[in-house]
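Only one structure is covered here, and it is reproduced in the block below.
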């Protein structure tokens, strides 16, 4: 059954532990009052999450091995996030493997989102779109081919934003 929820966090350890399906070790890199908001939407096989964080941080993420993850920034004005030491620009969408840990580093307050599917569901969707499926064990960056998808501004009206106003 479809589900949505939004949680607000004041403790970074509780926040890092509250991101499901991932083991996260995180460190806040700037003094200040920590605040983060996590929105979750489950649509049967597709899981979507949106995260808004007030302070910069570094996270070491160990995947569960069960879902392929796609990550993107949600605020076009924020500084670029580093993904395993490589700057990910607004026009790039990092994809992550099932087994390898990776790092996410922000240098300021940031917003980011993820979508995940099982590797089988991702491969089926990629096949429908007539593209080659990426290896689920390799982290890559892909630039969107659709002009509307090259900017994250369109995500402001996304289901994740709308879920805050009404249940899915």
Name every residue in segment 89-116 that is outside any loop (DSSP other than H, G, I, E, B) and closer than 18 Å to residue 30 by Cβ, in order of residue number.
-> 103, 104, 105, 110, 111, 112
Check residue 66 against each of (1) buried (at least 18 other Cβ atoms within 10 Å of the Cβ); (2) more than 15 Å from the chain's Cα centre (by Cα) and name the one condition it does not meet.
-> (1)
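In contact with a strand residue (DSSP E or B) (Cβ under 7 Å, 6 or more places away or on another chain) and assigned to a loop (DSSP other than H, G, I, E, B) - does that describe any residue in segment 4-16?
No, that holds for no residue.
Output the number of residues of segment 31-40 satisfying the condition of being in contact (Cβ under 8 Å) with a residue 60 or more places away in the chain and under 24 Å from residue 123 (Cα atoms).
Step one: list which residues in segment 31-40 are in contact (Cβ under 8 Å) with a residue 60 or more places away in the chain, which gives 39.
If we keep only those that are under 24 Å from residue 123 (Cα atoms) as well, we get none.
Residues meeting the conditions: 0.
No value in this document is a laboratory result; all are computed from the given coordinates. Treat the numbers as computed from the prediction; the structure is a model and nothing was measured. Heads up, the Cβs are rebuilt from the backbone with ideal geometry, glycines too, and the neighbour counts pull from every protein chain shown.
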